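These notes are about the structure you will find just below.
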Amino acid sequence: MNGYDINSPIGFTPQSLAQEAMQTQAKLRAGLETLQQVGDVDYGVTEKQEVWRDGKVVLYRFRGDSGHAPTAKVPLLIAYALVNRPYMVDLQADKSIVRGLLERGEDVYVLDWGYPDRSDRYLELEDYIQRFLGGAVDHLRRSHELDAINLLGICQGGAFSLCYSALNPGKVRNLITMVTPVDFHTDDNMLANWTRGIDVDLFVDTLGNVPADLMNMSYLMLKPWRLFVQKYVGLVDILDDKAALEDFLRMEKWIFDSPDQAGEAFRQFVKQFYQGNGFVKGGIDIGGREVHLGDVDMPLLNIYAQQDHLVPPAASRALAGLTGSSDYSELSFRGGHIGIYVSGRAQREVPTAIHDWLAAR
């Protein structure tokens with residue numbers, strides 16, 4: 001439905017436009033009926049159980065289907081970013097990296113950072129990395145009677161996982177980073193270029209916690225035509241398809257279900273990572289200890305997306321020359337920052353790649 005006519009010198013005719021208008025009207029009428037059938041869309045489809053908590057931060061163990069009991073001896077902990085909710089890795093039955101890992105025998109846990117409020121204004125990076133992430137790791141080490149566990153860090157959670165692994169290398173057996181920024185000063189990183197110019201002290205001192213809506217607007221402005229206009233125009237095409245409409249609404253719900261950011265941790269992350277480029281140049285300080293990626297000496301799998309506009313490939317691939325690991329691998333995924341979780345290709349390739357890599361070690 002685009003009204004285009006190859007036989008017209010200007011690409012369309014009154015007849016083709018009229019036909020498109022009639023088709024659009026039909027779609028809108030069907031959409032009214034479809035919307036009445038759509039209830040509140042669910043997400044996070046895999047059964048999970050709370051196993052540990054520190055304040056608002058909760059560690060969950062995924063149960064999965066009874067026919068897929070874990071066969072892996074070492075648990076896999078997923079650490080997601082602070083800016084979005086972690087159920088993106090388990091969005092729905094046919095779009096779940098978690099379900100794919102469970103089906104292959106992995107014992108999967110996820111850390112849920114919760115929703116910070118004003119009482120969390122002064123949480124620091126040390127709290128998130130050493131207290132919360134470290135507390136979850138220590139719980140798994142105790143409960144599984146292991147010295148070290150497997151860690152999967154995604155996006156900002158990957159940066160946290162690198163910091164944790166550098167500071168506590170004996171507690172991480174294998175490390176996987178996915179769409180993780182490492183070099184924050186690559187030329188094609190628009191978000192990093194914007195962030196380097198802000199007065200983050202004035203920003204946090206004025207706002208306290210950083211509002212989720214403000215963060216969301218920043219991400220949407222990276223691709224304003226695609227994210228403000230094109231996808232909603234395209235919505236008309238699926239208004240008469242209940243399943244496709246539910247998929248769309250489920251994704252929208254995730255996009256706008258964003259926590260506020262604890263002010264002090266945000267200040268430290270922007271200064272040390274986005275502005276200071278600390279992984280590359282040094283100077284990342286977590287609770288008085290400097291992070292050196294050379295101390296990350298465990299096997300490491302780095303997964304990046306070729307069309308990622310939030311974490312460009314060059315920003316992730318910089319990791320290759322910075323760690324102390326003698327067992328470093330990369331996986332290039334054809335897709336974008338979100339597609340690496342939810343596309344059909346991702347469901348076929350990503351869980352298998354992670355499982356096979358872990359099984360070999």
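Starting at the first residue of the stretch 252-267, write each ³J(HN,Hα) from the Karplus equation 6.51 cos²θ - 1.76 cosθ + 1.60 with θ = phi - 60°, in whole Hz, x for Gly and Pro.
Karplus-based 3J(HN,Hα) across the stretch 252-267 equals 4, 4, 5, 4, 9, 9, 10, x, 5, 9, 4, x, 5, 5, 4, 4 Hz.
Once phi is turned into θ = phi - 60°, what whole-Hz ³J(HN,Hα) does the Karplus curve with 6.51, -1.76 and 1.60 give for every residue of the stretch 148-164, x standing for Gly and Pro?
With coefficients 6.51, -1.76 and 1.60, one gets 8, 10, 8, 10, 10, x, 10, 6, 4, x, x, 4, 4, 5, 5, 4, 4 Hz.
For a quick check: sort 160, 256 by the number of other beta carbons within 10 angstrom, fewest at the front.
If I rank by nearby Cβ atoms, fewest first, I get 256, 160.
Working from the pairwise distances between different alpha carbons, so that the mean of 1/r is found and then inverted, what is the stretch 58-110's Kirkwood radius in Å?
11.5 Å
Mind giving me the FRET efficiency for residue 117 and residue 193? R0 is 22 Å, r the Cβ-Cβ distance, nearest 0.05 is fine.
Between residue 117 and residue 193 the formula returns 0.10.
Take residue 249 and residue 330, extend 7 Å from each Cα along the Cα→Cβ direction, and tell me the distance between the two endpoints in nm.
Calculated label separation equals 4.2 nm.
How do 274-283, 73-82 rank on mean C-beta neighbours within 10 Å, highest first?
73-82, 274-283
Taking every pair of alpha-carbon atoms in the stretch 48-359, give the share separated by more than 25 Å as a whole percent.
Cα-Cα pairs of the stretch 48-359 separated by over 25 Å account for 48 percent.
Ranked from highest to lowest mean number of other Cβ atoms within 10 Å per residue, what is the order of the peptides 174-183, 198-207?
Ranking, from highest mean packing down: 174-183, 198-207.
From the phi of every residue in the stretch 117-127, what ³J(HN,Hα) in whole Hz does the Karplus formula 6.51 cos²θ - 1.76 cosθ + 1.60 yield, where θ is phi - 60° and glycine or proline is x?
Coupling constants for the stretch 117-127: 10, 4, 5, 9, 3, 9, 4, 10, 4, 4, 5 Hz.
State, to one decimal in nm, how far the label point of residue 352 lies from the label point of residue 69, with both points 7 Å from Cα in the Cβ direction.
2.7 nm
Hey, can you rank 164-171, 349-356 by average C-beta count inside 10 Å, highest first?
Most protected by this proxy first, the peptides run 164-171, 349-356.
Using 0.36 nm times the number of residues separating residue 45 and residue 214, minus their current alpha carbon distance, what extension gain do you get?
Contour length minus Cα-Cα distance gives 58.0 nm.
Got a sec? How would 113, 194 order by Cβ neighbour count within 10 Å, fewest to most?
Arranged by neighbour count, lowest to highest, 113, 194 become 194, 113.
Would you grab the residues whose amide H sits under 5 Å from the one on residue 309? Only those 5+ places off in sequence or on another chain, please, with H modelled 1.01 Å from N.
337
Once you keep just the Cα pairs under 8 angstrom separated by 6 or more residues, what percentage relative contact order results for the stretch 269-361?
The normalised contact order for the stretch 269-361 reaches 24 percent.
No lab work stands behind these numbers, since they all come straight from the coordinates. Bear in mind the structure is a predicted one, so any value in this text is a computation, not a measurement. Note that we place each Cβ from the backbone using ideal geometry, even for glycine, and neighbour counts take in every protein chain shown.
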